[in-house]
4 protein chains.
Amino acid sequence: MKILITGFDPFGGESINPSYEAIKRIKLDNSDIELVTVEIPTVFDKCIDTLDRKIKETEPDIVICTGQAGGRFPITVERVGINIIDARIADNEGNQYIDAPIKSDGESAYFSNLPIKAIVKSLINNKIPAEVSNTAGTFVCNNILYGLLYLINTKYPHIKGGFIHVPFLLEQVTDKRNTPSMSLETITEAMKIIVETAAVTETDISEQGGAIC
Amino acid sequence: MKILITGFDPFGGESINPSYEAIKRIKLDNSDIELVTVEIPTVFDKCIDTLDRKIKETEPDIVICTGQAGGRFPITVERVGINIIDARIADNEGNQYIDAPIKSDGESAYFSNLPIKAIVKSLINNKIPAEVSNTAGTFVCNNILYGLLYLINTKYPHIKGGFIHVPFLLEQVTDKRNTPSMSLETITEAMKIIVETAAVTETDISEQGGAIC
Amino acid sequence: MKILITGFDPFGGESINPSYEAIKRIKLDNSDIELVTVEIPTVFDKCIDTLDRKIKETEPDIVICTGQAGGRFPITVERVGINIIDARIADNEGNQYIDAPIKSDGESAYFSNLPIKAIVKSLINNKIPAEVSNTAGTFVCNNILYGLLYLINTKYPHIKGGFIHVPFLLEQVTDKRNTPSMSLETITEAMKIIVETAAVTETDISEQGGAIC
Amino acid sequence: MKILITGFDPFGGESINPSYEAIKRIKLDNSDIELVTVEIPTVFDKCIDTLDRKIKETEPDIVICTGQAGGRFPITVERVGINIIDARIADNEGNQYIDAPIKSDGESAYFSNLPIKAIVKSLINNKIPAEVSNTAGTFVCNNILYGLLYLINTKYPHIKGGFIHVPFLLEQVTDKRNTPSMSLETITEAMKIIVETAAVTETDISEQGGAIC
């Protein structure tokens, strides 16, 4: 069982990105899993190209992309990527598209085929706040999620994949008021649980994880 | 120019739904618009059937559905409906589907073809907090939004349509801590601006209105 | 029955202060009340001097000071002023004291002698979100509250007085994310209710209005 | 150097109180400090009596009381205790006083004489979110803070003392939406830093730590 996990480099004025900090510290209990860890640039298009190259190179069974969700409280497991870019800020190479499709020949959205409910349940069972999310935004995180699911749906139908959003680190909020955060230890532990849950879950569980709005 | 606007009945323990309260009070300045106002039941499937019947009956140019987004701060103009129901609570007839598609032959998502950016801009120009939203949740609001866009894409290609989420009313939060709200007067004024902006906007403006996550 | 009500001028980068905007629009139903409305500078010391002068000049029975509480959701009726200045930003004349007492011969705190519970109840009965607050901060709002109560305790024992914090106006948050606001109409209506409740309440009601923390 | 530190037992429907969980796990680096750890009942009056007895028995140089602040984001170092009880819920023995003084012969408020600014700075230097708070509420936390400062001001003038509020633990918010939390490891580390900073700081630093409101 090979799992490719990606994190982004810092963006939006932050000097650190909790997603990559966490994934590079993962220590698995399950020795049947070979984990490949990659840092991806916070750049439209290029992030998908990097991911595609890495998939070709490593031939994983599962791909888990991760990113920073500043302002969210729990670990959020994304349900769906949508075919749009609408960038409130520029990416790390200055691109700022407005209402552009990610893939002109792609569907309007793809649903993650990770066991998102089983992952949320495992995290909560391990006392880590977690929820399903129904939007990965319209910036680079949604971009890589949609891009990954497009690749799965068009080129790699045997791969399971999805996206995890993590809160700011403690140190990122010491100068921000009323902003949620999570320790690097907790996020790293969450990542380990996510990887191991994805590895062993054949079929997702059926439990409500919806949002009123 | 005929516009059909819908609001929901109360749900989730509330005794009032700000969406219908507001739309039934709209007073338009633009006399070229004929406005048809309907209350829709907060019930899966049935809400879409009611909407379809109303569309057949009234033959509108534009359909705007509206609903309550308890916990949101601004008026939010929804960008996309997704093909899933995942109900955290039961609807008003006791249905609580988990991870079920809304339409088995529908696309995974449809984008609103209302001028969502022009609407947000008009609201802000009139000093009313407003944002584009990238998720209408997975309950009945997303259900009617997806259902409307499915109808537009399969049966009524000439219609423009979308969904507006409104915050709790002031009176709904007097017993809730740290919960945002908006006065009925402000929501009603917002609805008027939305209807009149939708009526006169041929092509949406291109302005960023995205979300990082 | 004469009531002196004060609001502050804009501060902290805002171009408007909801407190003064609201109080100058109050229209009372109760014709037995003579209402005197004053704008006070957002400046330490000077605001208290201005208030003292106005009290001497108008000889009110009740003094209600009001100010902007950006970030709060409901109307908040302050319970207590504390004898300290700790300014996170400079006041409107550039003063920024740190951990300085307001009055070197004053008590460590004074409790408002307005009927704060009756005021909260009247507001909620009129469908306006309201709470007792146990801190007016350590900037100019606490400064005028403490200063008023110091004056009442040392010079004007027959006067009843206190402080009301109001949220941002709608227009102040159109460019701020996840920030609560209230319409000018609602804040103005709240101010009218507060003035009329203060005027007719001899003894405050006994109802819980506390905070866990 | 002897330091007495207290935490509360669980209250308000929670099965755990992060304050006591954290303090009983503190491991100090500074071997000059003798740390005495006590669990205090979440009960008005009785908590102060327990504290007084413990102070007599252990003769500490510094007393740090701690408690749970559900809903707060950072570690908060309280500046002031006020002479009032206004209980929104009953304490653990069913007492629910409204607008009652804590000590009929006490001052209206007492300021903490812990080095609150130095403590906040140490925490932030160690990447732990922290702020000064200007209200400990009107429930049992403010009760013990005010009670401690009353004891210091009337019986133990050589003691330094104050109060620390800590957020919910991760596990306390897995079933609460949009509620901040902090890991037990982080809170425990924070407590160690607070104890060691209090022990070595003769005079507090002068740095702004105020609140606008």
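For the reader, a short list of remarks on this structure follows.
- Selected residue (criterion: surrounded by the most Cβ atoms within 10 Å (Cβ to Cβ)) from residues of the range D:4-21 that are closer than 17 Å to D:Ile144 by Cβ and more than 12 Å from the chain's Cα centre (by Cα): D:Asn17
- Residues within the range C:153-177 that are open to solvent by less than 10 Å² (accessible area, probe 1.4 Å) and out of contact with any helix residue (DSSP H, G or I) (no Cβ under 9 Å at 6 or more places or on another chain), tallied: 1
- Scanning the range A:79-88 for residues that are within 9 Å of chain B (Cβ to nearest Cβ) and out of contact with any Lys or Arg (no Cβ under 9 Å at 6 or more places or on another chain), we see that the one that is nearest to A:Val173 (Cα to Cα) is A:Arg88.
- Out of A:Asp175, A:Asp204, one residue alone is at pLDDT 95 or above and more than 14 Å from chain B (Cβ to nearest Cβ). It is A:Asp175.
- Residue that is open to solvent by 10 Å² or more (accessible area, probe 1.4 Å), farther than 20 Å from A:Asp49 by Cβ and part of a loop (DSSP other than H, G, I, E, B), where the choices are A:Glu185, A:Glu131, A:Glu196, A:Glu202: A:Glu202
- Test result for B:Thr174, without any contact (Cβ under 8 Å) to a residue 12 or more places away in the chain and hydroxyl-bearing (Ser, Thr, Tyr): yes
- Selection from the range D:89-135 of residues that are hydroxyl-bearing (Ser, Thr, Tyr) and either at the interface with another protein chain (Cβ under 8 Å from one of its Cβ atoms) or closer than 15 Å to D:Ile164 by Cα (or both): D:Ser108, D:Tyr110, D:Ser112, D:Ser122, D:Ser133, D:Thr135
- Of the residues screened, D:Arg53 is one that is surrounded by fewer than 16 Cβ atoms within 10 Å (Cβ to Cβ) and either assigned to a loop (DSSP other than H, G, I, E, B) or more than 12 Å from the chain's Cα centre (by Cα) (or both).
- Members of the range C:10-37 found to be in contact (Cβ under 8 Å) with a residue 60 or more places away in the chain and part of a loop (DSSP other than H, G, I, E, B), listed by number: C:Phe11, C:Gly12, C:Glu14, C:Ile16, C:Arg25, C:Ile26, C:Lys27, C:Leu28, C:Asp29, C:Asn30, C:Asp32, C:Ile33
- Taken over the range A:136-166, the criterion of being farther than 20 Å from A:Phe8 by Cβ and within 11 Å of another protein chain (Cβ to nearest Cβ) is satisfied by A:Asn153 alone.
- Note on the range A:62-78: residues that are surrounded by fewer than 24 Cβ atoms within 10 Å (Cβ to Cβ) and more than 8 Å from chain B (Cβ to nearest Cβ) total 2.
- Meets criteria (closer than 16 Å to C:Glu131 by Cα, within 18 Å of the chain's Cα centre (by Cα) and at pLDDT 95 or above) for C:Thr188: no
- Test: A:Val38 is surrounded by 16 or more Cβ atoms within 10 Å (Cβ to Cβ) and either out of contact with any His (no Cβ under 9 Å at 6 or more places or on another chain) or aromatic (Phe, Trp, Tyr) (or both): yes
- Scanning the range A:113-128 for residues that are within 17 Å of A:Leu145 (Cα to Cα) and open to solvent by 20 Å² or more (accessible area, probe 1.4 Å) yields a single hit, A:Asn113.
- Members of the range B:178-197 that are within 11 Å of chain C (Cβ to nearest Cβ) and within 23 Å of B:Leu114 (Cα to Cα): B:Thr186, B:Ile187, B:Glu189, B:Ala190
- Every residue from the range D:182-208 that is touching a strand residue (DSSP E or B) at 6+ places or on another chain (Cβ under 6 Å) and over 25 Å from D:Asp61 (Cα atoms): D:Leu184, D:Gln208
The values are calculated or read from the model by the stated rules, or taken from the named source; none is laboratory data. What you see is a predicted model; the values in this text were computed from it and never measured. As a convention, Cβ positions derive from the backbone with ideal geometry for all residues, glycine included, and neighbour counts pool all protein chains shown. To get the accessible areas, we keep the full protein, side chains included, count just its heavy atoms, and leave off ligands, DNA and RNA. Shrake-Rupley method; radii C 1.70, N 1.55, O 1.52, S 1.80 Å.
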